[in-house]
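Below you'll find the structure, written out as structure tokens, and then a few comments.
Quick note: the coordinates plus some simple rules give every number you see, no bench work behind them. Because the structure is a prediction, the values reported are computed rather than measured. Positions of Cβ are generated from backbone atoms using ideal geometry, with glycine treated the same way; all protein chains shown enter the neighbour counts.
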Amino acid sequence: MPTSQSANSIDQWVRVLRNIADPVRIRILHLMESAGRPALRVGELSFALKMPQSTISRHLKTLLESDLIEARRQGTAILYRPHSNRETPGLKELRSVSRRVLQDDDQLQTDLSRLKKILAQRDHDDIFAETAAKWDSIRGQWFGDTFQFEALLAAMDPQWAVADIGAGTASLSVLIAPHVRHVYAVEPSPAMLKAARQRLANSGCSNVEIIAGSVEQIPLPYESVHVVIASLVLHHVEDISLALRELHRIVRPGGFLLIIDLLPHQIEYFREKMGHRWMGFKPNELQQQLVAAGFTLDRWHALTPETKTLKDAGIRVPDIFVMRGSRPHVATV
């Protein structure tokens with residue numbers, strides 16, 4: 001009870017009792033003391049009590065004016081908690097009695113259950129708010145930089161046969177293999193073929209077939225595959241039209257070709273050191289050649305609009321693109 005019997009203490013105590021003696025304000029105070037949290041937001045109290053935020057704000061104003069609670073700003077939000085610095089004499093005992101008397105109240109238990117749900121969501125949101133700026137880096141450290149792209153390969157039809165033209169060391173072929181029926185890894189370089197066979201032996205894949213051959217002369221039957229992938233291959237080819245016709249030859253009607261290659265650039269390093277015959281491709285010109293070879297253009301998309309640099313050599317890396325062309329079904333009359 002109050003420690004002083006002065007008029008001011010009596011008036012103060014009566015005001016405290018009057019402000020507490022409201023069902024909504026009792027529920028608010030009970031949540032603040034029972035939630036196990038330092039502070040609560042208006043929206044969280046609104047969710048727990050199933051009342052409009054305007055109603056909650058009005059009751060919070062009364063509790064603030066009575067020094068029963070305090071508020072602090074966190075970013076754009078205002079959080080409320082029981083007053084910690086100056087407590088009205090006798091209030092601690094009154095709050096203790098209130099908790100003991102109302103500990104089994106059904107309404108208060110329901111309020112607390114709803115509050116715990118919304119606070120769990122707050123925890124989840126706060127975690128990602130704190131890590132959003134560095135999330136890509138964190139996820140890359142955990143799972144690597146390519147896992148999501150590898151997972152997307154599962155969208156491929158398991159009955160497909162796929163030709164990886166200019167397969168190099170068969171790195172892409174091995175990634176595709178678990179998701180399709182068969183992969184033909186076609187590569188002209190003996191050194192690359194040797195590395196591809198070694199990769200295949202270490203991979204455990206039994207449905208990848210490594211074949212010596214070039215994009216101008218692909219040793220596969222007519223209409224033998226559902227998908228052809230030419231990744232960073234065409235810039236090595238002398239006759240682009242011939243290569244596209246050969247790619248069209250091995251694709252089944254209804255199948256498609258994916259071209260991944262360089263956009264136009266003037267970086268002589270790639271011609272001098274990497275043996276590139278073409279300094280990239282203008283999409284509209286390559287599209288015309290694609291259509292002339294018998295494909296229907298589906299789409300093209302730039303993959304690296306930002307500038308990248310080879311750190312060791314200080315050389316700018318050209319931007320790349322992906323282009324998809326389909327081989328239409330033969331129309332029947």
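Each Cα pair under 8 Å and six or more residues apart adds its separation to the average, and for segment 143-326 the resulting relative contact order is 17 percent. Residues whose amide H lies under 5 Å from that of Glu223, counting only those 5 or more places away or on a different chain, are Ile250, Val251; hydrogens are built 1.01 Å from N in the peptide plane. Label separation (Ser137 vs Ala71): 3.7 nm, computed from points 7 Å beyond Cα along the C-beta direction. In this structure the amide hydrogen of Ala185, modeled in the peptide plane, comes within under 5 Å of the amide hydrogens of Asp164, Glu209, Ile210, Ile211, none closer than 5 places in sequence on its chain. Each label point was placed 7 Å from the Cα along the Cα-to-Cβ direction; for Gln198 and Val330 their separation is 4.5 nm. Taking every lysine pair in the chain that is 8 or more places apart or spans two chains, those with Cα atoms closer than 24 Å amount to 12.
Can you tally the net charge around Arg72? Count Lys and Arg as +1, Asp and Glu as -1, for every other residue whose Cβ sits under 12 Å from the Cβ of Arg72.
+2
Footprinting exposure proxy ranking of Asp111, Asp11, Asp298, fewest other C-beta atoms within 10 angstrom first, gives Asp11, Asp298, Asp111. Dividing the convex hull volume of the alpha carbon atoms of the chain by its residue count gives 260 Å³ per residue. Rounded, prolate or oblate: which fits segment 143-326 when a ≥ b ≥ c are the square roots of the eigenvalues of the alpha-carbon gyration tensor, with rounded for a/c under 1.5 and prolate only if a/b beats b/c? Rounded is the answer for segment 143-326, as its axis ratio a/c remains below 1.5.
What does the charge add up to near Glu216, with Lys and Arg as +1, Asp and Glu as -1, over the other residues with Cβ less than 14 Å from its Cβ?
Surrounding charge for Glu216 is -1.
Remind me, relative contact order of the chain in percent, using alpha carbon pairs under 8 angstrom and six or more residues apart? The partial results should precede the final answer.
Values: 500 pairs, mean separation 34.2, N = 333.
Computed over the chain, the figure is 10 percent.
The residues Thr146, Thr169, when put in order of fewest to most other Cβ atoms within 10 Å, stand as Thr146, Thr169.
The residues neighbouring Ser231, those whose beta-carbon lies less than 9 Å from its own, together hold a net charge of -2 under the Lys/Arg +1, Asp/Glu -1 convention. Overall, the anisotropy analysis places segment 140-193 in the oblate class: the square-rooted eigenvalues a ≥ b ≥ c of its C-alpha gyration tensor yield a/c not less than 1.5, with a/b not exceeding b/c.
Tell me which DSSP H helices of the chain clear both cut-offs, 27 Å or more of axial length from alpha-carbon atoms and a mean Kyte-Doolittle hydropathy of at least -1.0.
For the chain, where a helix must reach 27 Å along its axis and average at least -1.0, the hits are 106-131.
Convex hull volume of the Cα atoms of segment 178-277, normalised per residue: 122 Å³.
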